[in-house]
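Colleague: A single structure is presented below for examination.
The values are calculated or read from the model by the stated rules, or taken from the named source; none is laboratory data. Source: prediction; values computed, not measured. Using ideal geometry, Cβ is built from the backbone for each residue, glycine included, and neighbour counts are taken over all protein chains shown. Protein only, heavy atoms only, side chains kept; ligands, DNA and RNA dropped before computing areas. Shrake-Rupley method; radii C 1.70, N 1.55, O 1.52, S 1.80 Å.
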Amino acid sequence: MSSSPAPRNQRSRTLPAVIVVAILVLGIGSFVGTRWWLARDETASAPTPAGTATAESPSTRGTRPGKLAPAPAVPSTAPADSATTTVIATVTAVVTPATPTPADAPTGTSATTAPTVESIAGVRRHDIDCGAGYIVVLGSALDPAGFADTASALTAKYPGTNYLISGSSCFNFRSQSAFVLYEGPYATVDTACTVRIAGTRDAYVKIADRGVTDRTVSCLCPAGVTPPDLGAGDKGPYVAEAQYALQRLGFYGGDGTGTFDADTEVAVRAFQTARSLPVDARLTPTTWPALITADCTG
């Protein structure tokens, strides 16, 4: 009796089983082959033993076939030259020291700076730092030639003077490049004012403090000051002090010229009117006390 063929449903179950076995065999073979290939690649790219090369040497790094990062499963397709350039650039960036930035020069930390060898018309330059005290300004100019003329006219009478450049000293002037002829510095305002009153009629005192240095310092305030009676046409240091006081109080718009001119008369008259004083446009024992009080306590 001949055997009958296997039922259709049995053949259909046998075929998938064969396919699964084949896929497993292929998978195992691929895994073994891949492991063999990776082991071969790691052996070929093994690192050079310690002591034969240094990481900081650009020339050594340029000839090595190694990579900056661990090797991926698929070999990199980047050209060898590109990898070499990257390594050299990276090492150079690490070992090249940055250029140091010079520290800013300190200002206003010492009482006075050292004199320099610079001089104009025989007057030596001597800049002053903040906190140095008081100076008596005798004259100023905006350029060396003008300063030379000013210094030549004054140094015969004031041989102990120096000059400073306002932009380099702790003083504010209308120009940051003013050349200033001065005496001092002095530790107290009384000493500076004594020198100032004995000086030129248009001199004035300034203090080495950036917060107030744009203002002149009043020499009407020290105790015992007794200014003389002054009127139209008079000249002298007390005229200038009155002009600066009236300027600080808002009655005078000019400079301390030391000359009692028409503008000064107008300013004195306005001050007297504002303070209910006799209006005579003169600085007398009636007007002086009111002006000194307003200037020194205002």
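Colleague: Which condition from (1) assigned to a helix (DSSP H, G or I); (2) in contact (Cβ under 8 Å) with a residue 40 or more places away in the chain; (3) aliphatic (A, V, I, L, M) is the one that residue 266 breaks?
Modeller: Result: residue 266 fails condition (2) only.
Colleague: In the range 111-143, which residue that is part of a loop (DSSP other than H, G, I, E, B) and among the polar types (S, T, N, Q) is modelled with the highest pLDDT?
Modeller: Within the range 111-143, the first condition is being part of a loop (DSSP other than H, G, I, E, B), and the residues that meet it are 111-118, 121-122, 126-133, 142-143.
With among the polar types (S, T, N, Q) added as a condition, the list becomes 112-113, 116.
On the way: 112: 53, 113: 60, 116: 64.
For the range 111-143, the residue satisfying everything is 116.
Colleague: To continue, here is another question. Would you please name the residue that is nearest to the chain's Cα centre (by Cα), looking only at residues in the range 276-298 that are loosely packed, with under 15 Cβ neighbours inside 10 Å and outside any helix (DSSP H, G or I)? Break it down into steps so the answer makes sense when it comes.
Modeller: Here is the first cut: in the range 276-298, the residues loosely packed, with under 15 Cβ neighbours inside 10 Å are 276, 278-280, 285-286, 289, 293, 296-298.
Among the residues that remain, those that are also outside any helix (DSSP H, G or I) are: 276, 278-280, 285-286, 298.
Details: 276: 50, 278: 53, 279: 51, 280: 52, 285: 50, 286: 50, 298: 35 Å.
This residue is 298.
Colleague: While we're looking at this one, here's another question. How many of the residues in the range 156-192 are of a type in the set (A, V, I, L, M, F, W, C) and under 27 Å from residue 225 (Cβ atoms)?
Modeller: 8
Colleague: Return yes when residue 146 is over 21 Å from residue 248 (Cβ atoms), part of a helix (DSSP H, G or I) and either touching a helix residue (DSSP H, G or I) at 6+ places or on another chain (Cβ under 7 Å) or open to solvent by less than 30 Å² (accessible area, probe 1.4 Å) (or both) and no when it is not.
Modeller: yes
Colleague: Would you mind stating whether residue 187 is in contact with a Gly (Cβ under 7 Å, 6 or more places away or on another chain), among the hydrophobic types (A, V, I, L, M, F, W, C) and modelled with pLDDT of 90 or more? Outline the logic, then answer.
Modeller: Values: in contact with a Gly (Cβ under 7 Å, 6 or more places away or on another chain): yes; among the hydrophobic types (A, V, I, L, M, F, W, C): yes; modelled with pLDDT of 90 or more: yes.
Here the answer is yes, as residue 187 does meet what is asked.
Colleague: So, one more: Take the range 149-167 and flag every residue that is assigned to a helix (DSSP H, G or I) and open to solvent by less than 60 Å² (accessible area, probe 1.4 Å). Working first, answer last.
Modeller: Initial filter on the range 149-167 (assigned to a helix (DSSP H, G or I)): 149-154, 166-167.
The answer is 150, 151, 154, 166, 167.
Colleague: I'm trying to understand the selection: among the residues of the range 228-251, which are assigned to a loop (DSSP other than H, G, I, E, B), in contact (Cβ under 8 Å) with a residue 12 or more places away in the chain and not hydrophobic (A, V, I, L, M, F, W, C)?
Modeller: So the first thing to find is which residues in the range 228-251 are assigned to a loop (DSSP other than H, G, I, E, B), and the list is 228-229, 231-234, 236, 249-251.
Restricting the remaining residues to those that are in contact (Cβ under 8 Å) with a residue 12 or more places away in the chain gives 229, 231-234, 236, 249, 251.
Of everything in the range 228-251, those that are assigned to a loop (DSSP other than H, G, I, E, B), in contact (Cβ under 8 Å) with a residue 12 or more places away in the chain and not hydrophobic (A, V, I, L, M, F, W, C) turn out to be 229, 231, 233, 234, 236.
Colleague: On to the next question. Return the total of residues in the range 188-227 being closer than 19 Å to residue 128 by Cα, in a loop (DSSP other than H, G, I, E, B), open to solvent by less than 20 Å² (accessible area, probe 1.4 Å) and not small (Gly, Ala, Ser).
Modeller: First pass over the range 188-227, keeping only residues closer than 19 Å to residue 128 by Cα: 188-189, 191-193, 195-196, 203-217.
This time we only want the ones that are in a loop (DSSP other than H, G, I, E, B), so: 188, 203, 208-216.
Now narrow it down to the ones that are open to solvent by less than 20 Å² (accessible area, probe 1.4 Å): 203, 208, 213.
Cutting the leftovers down to not small (Gly, Ala, Ser) gives us 213.
Number satisfying all stated conditions: 1.
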